[in-house]
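Quick notes on the structure that follows.
The values are calculated or read from the model by the stated rules, or taken from the named source; none is laboratory data. All values derive from a computational prediction rather than experimental measurement. Neighbour counts are summed over all protein chains in view; Cβ atoms, including those assigned to glycine, are modelled from backbone coordinates with ideal geometry. Ligands, DNA and RNA are stripped out before the accessible areas are found, and what is left, the full protein with its side chains, is counted by its heavy atoms. Shrake-Rupley method; radii C 1.70, N 1.55, O 1.52, S 1.80 Å.
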Protein chains: 2
Amino acid sequence: MLSAGKKPTRKPPKLRDPERTRQRLLQAAFREVYRYGFQSAGIDTILAATDVTKGALYYHFKSKEALGYAIIEEIVAEMTHDRWLRPLQRSRDKNPIDALIGVVQAIPHQPRDVKGGCPLVNLTQEMSQLDKEFRKRLERIFHGWHEGVTTVLRRGQHQGTVRRDLVPEETASFLIAMVEGYEVLAKNAQDAKVWNTGIRNIVGWLNSLRAPGNRRRG
Amino acid sequence: MLSAGKKPTRKPPKLRDPERTRQRLLQAAFREVYRYGFQSAGIDTILAATDVTKGALYYHFKSKEALGYAIIEEIVAEMTHDRWLRPLQRSRDKNPIDALIGVVQAIPHQPRDVKGGCPLVNLTQEMSQLDKEFRKRLERIFHGWHEGVTTVLRRGQHQGTVRRDLVPEETASFLIAMVEGYEVLAKNAQDAKVWNTGIRNIVGWLNSLRAPGNRRRG
DNA sequence: CAACATGCATACTGGTTGGTATGTTGTCAG
DNA sequence: CTGACAACATACCAACCAGTATGCATGTTG
């Protein structure tokens with residue numbers, strides 16, 4: 001314990017760091033699932049990508065499904081927050097339409113991202129029908145997303161910057177559907193140009209939501 | 001054997017009917033792939049769904065991939081033709097917007113279809129990134145779809161029933177993206193109501209494409 | 001230091017998978 | 001009737017795969 005001298009708050013070469021191990025597994029698993037889908041993702045492949053062993057993995061996650069749930073709750077949910085909810089909340093003062101345009105334009109558009117598609121859509125397409133637990137968690141994310149967009153639109157209506165004749169909930173769904181629809185098109189084409197064109201059209205449509213007298217372009 | 005007379009053009013109880021066997025395999029394989037995805041679809045499951053044996057399958061298709069390609073080329077492509085291209089072509093006399101609305105509203109919306117999603121999107125999401133041969137065939141279908149919608153929109157512009165300020169190609173992509181986006185949303189929710197709401201909004205948007213003076217509603 | 005749980009490593013298993021080798025039968029030409 | 005080929009049927013295989021049993025090292029606590 002305290003026989004030999006100096007050792008106050010010392011933990012230099014951490015041999016054991018369970019939280020770090022868990023995170024590395026999660027990240028590697030996410031990449032594998034993102035690429036091949038959940039069902040076709042291989043446990044052994046994930047382990048090979050890290051230098052973690054099977055014993056460690058099954059210590060942190062009790063099954064492949066549990067690993068999948070953690071990916072959704074800790075990674076995919078976080079991505080949605082980072083890219084949509086937080087930016088929208090941080091723009092309380094700005095015009096909501098401008099905020100939405102900013103968010104849409106900030107969606108990653110590197111070839112790598114376009115070719116991989118949207119993680120949320122990928123998992124939904126594959127698993128919603130097959131596994132209730134997956135669906136529940138994925139829907140929670142969709143719901144938060146939808147709520148965030150709805151809220152900002154409603155705020156715009158109060159401000160007078162967003163047209164009053166449209167229903168915030170349905171307009172939010174419309175936007176989300178468009179974003180995901182274009183991601184599917186771009187993924188099929190495996191071409192970032194398709195995505196960029198989509199963004200242009202989405203932005204054009206977003207501009208059409210401005211209340212008269214608050215138009216930027218037309 | 002042939003002592004008794006009549007036998008002109010006789011082929012009564014064919015025990016062997018290779019074309020029928022092939023079709024049954026294709027249909028069963030499509031259902032399996034539609035449900036579980038291509039990678040997770042099991043050859044043995046497909047065989048169990050029919051009463052065909054493995055020898056027969058590998059006589060007609062040289063590999064699982066070949067079976068997948070046939071599904072795309074002979075079933076998915078045919079569905080797109082039936083639901084979009086042929087109806088649009090057959091409506092040469094009608095208003096293009098009305099034709100598009102009709103087609104969109106005619107998309108299957110039984111719970112079973114909504115929960116399964118769009119076969120084209122399912123396969124695209126799963127395979128476009130992983131297999132060039134899949135992607136090539138899927139893109140051919142998308143291209144035909146896009147072309148069909150573009151053509152009908154352009155015709156509407158010549159007729160004067162469709163707004164001249166919009167670009168037919170981009171408007172077609174916009175429509176396709178929306179249809180698929182809403183299918184993804186509905187599939188995630190596993191709820192036909194989501195799809196019906198989506199249709200209403202798509203129809204509303206389609207109505208906004210009418211040239212002034214040709215409006216139905218506004 | 002002992003005792004004990006945490007964190008991880010290794011070897012193994014039972015079941016499933018796509019694919020094949022080989023045998024058998026239906027079909028039809030000659 | 002008889003090959004001969006097309007259209008299957010059956011048995012089998014090697015590879016893979018999620019999961020587990022077991023053991024060992026590390027850190028903590030009394």
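When you go through B:210, B:164, B:200 one by one, which is the residue that is in contact (Cβ under 8 Å) with a residue 12 or more places away in the chain and open to solvent by 30 Å² or more (accessible area, probe 1.4 Å)? Let's see the steps before the verdict.
Working: B:210 fails: open to solvent by 30 Å² or more (accessible area, probe 1.4 Å); B:200 fails: in contact (Cβ under 8 Å) with a residue 12 or more places away in the chain.
Selected residue: B:164, the only one of B:210, B:164, B:200 that is in contact (Cβ under 8 Å) with a residue 12 or more places away in the chain and open to solvent by 30 Å² or more (accessible area, probe 1.4 Å).
Under 11 Å from the mean Cα position of the chain (by Cα) and surrounded by fewer than 18 Cβ atoms within 10 Å (Cβ to Cβ), is that true of residue B:93? Quick ask: steps written out before the conclusion?
On the way: under 11 Å from the mean Cα position of the chain (by Cα): no; surrounded by fewer than 18 Cβ atoms within 10 Å (Cβ to Cβ): yes.
No: the conditions fail for residue B:93.
Within segment A:47-76, how many residues turn out to be of a type in the set (Lys, Arg) and not in a helix (DSSP H, G or I)?
Residues that pass the stated criteria total 1.
In segment B:42-76, which residues are away from every other protein chain (no Cβ under 14 Å), closer than 24 Å to residue A:40 by Cα and within 14 Å of DNA strand D (Cβ to nearest atom)?
Within segment B:42-76, B:43, B:44, B:46, B:47, B:48, B:49, B:54, B:57, B:58, B:61, B:62 qualify.
Please list, ordered by first then second residue, the pairs with beta carbon atoms under 9 Å, 6 or more apart or interchain, first in segment B:10-23 and open to solvent by 100 Å² or more (accessible area, probe 1.4 Å), second near DNA strand C (Cβ under 9 Å from one of its atoms) and at pLDDT below 85.
As it stands, the answer is B:20/B:14, since those pairs meet every condition given.
If we scan segment A:183-198, do we find a residue that is of a type in the set (A, V, I, L, M, F, W, C) and away from chain B (no Cβ under 11 Å)? Don't jump to the end; show me each part of the working.
Going residue by residue through segment A:183-198, those that are of a type in the set (A, V, I, L, M, F, W, C) are A:184-186, A:189, A:192, A:194-195.
Of the ones still in play, those that are also away from chain B (no Cβ under 11 Å) are A:192.
There is at least one residue in segment A:183-198 that is of a type in the set (A, V, I, L, M, F, W, C) and away from chain B (no Cβ under 11 Å).
Collect the residues in segment B:132-141 that are within 15 Å of the chain's Cα centre (by Cα) and surrounded by fewer than 19 Cβ atoms within 10 Å (Cβ to Cβ), keeping them in residue-number order.
B:139, B:140
Please name all residue pairs, on different chains or six or more residues apart, with Cβ atoms under 8 Å, provided the first residue is in segment B:58-84 and is closer than 12 Å to residue B:30 by Cβ and the second residue is of a type in the set (Ser, Thr, Tyr).
none
Conditions first: (1) closer than 30 Å to residue A:209 by Cβ; (2) modelled with pLDDT of 95 or more; (3) open to solvent by less than 50 Å² (accessible area, probe 1.4 Å). Residue A:78 passes all but one, so which condition is the exception?
With (1) closer than 30 Å to residue A:209 by Cβ; (2) modelled with pLDDT of 95 or more; (3) open to solvent by less than 50 Å² (accessible area, probe 1.4 Å) applied to residue A:78, the lone miss is (3).
Considering each residue of segment A:96-152, count those that are facing chain B (nearest Cβ under 10 Å) and part of a loop (DSSP other than H, G, I, E, B), and give that number.
Qualifying residue count for the region: 5.
I need a count of the residues in segment B:21-46 that are assigned to a helix (DSSP H, G or I) and within 11 Å of DNA strand C (Cβ to nearest atom). Steps first, answer last, please.
As a first pass, look at segment B:21-46 and keep what is assigned to a helix (DSSP H, G or I): B:21-36, B:43-46.
Still in the running and within 11 Å of DNA strand C (Cβ to nearest atom): B:29, B:32-33, B:36, B:43-46.
Of the residues in segment B:21-46, 8 are assigned to a helix (DSSP H, G or I) and within 11 Å of DNA strand C (Cβ to nearest atom).
Among the listed residues B:125, B:129, B:110, B:105, which satisfies the condition of being open to solvent by less than 20 Å² (accessible area, probe 1.4 Å) and either out of contact with any Asp or Glu (no Cβ under 7 Å at 6 or more places or on another chain) or touching a residue at least 24 places away in the same chain (Cβ under 8 Å) (or both)?
B:125
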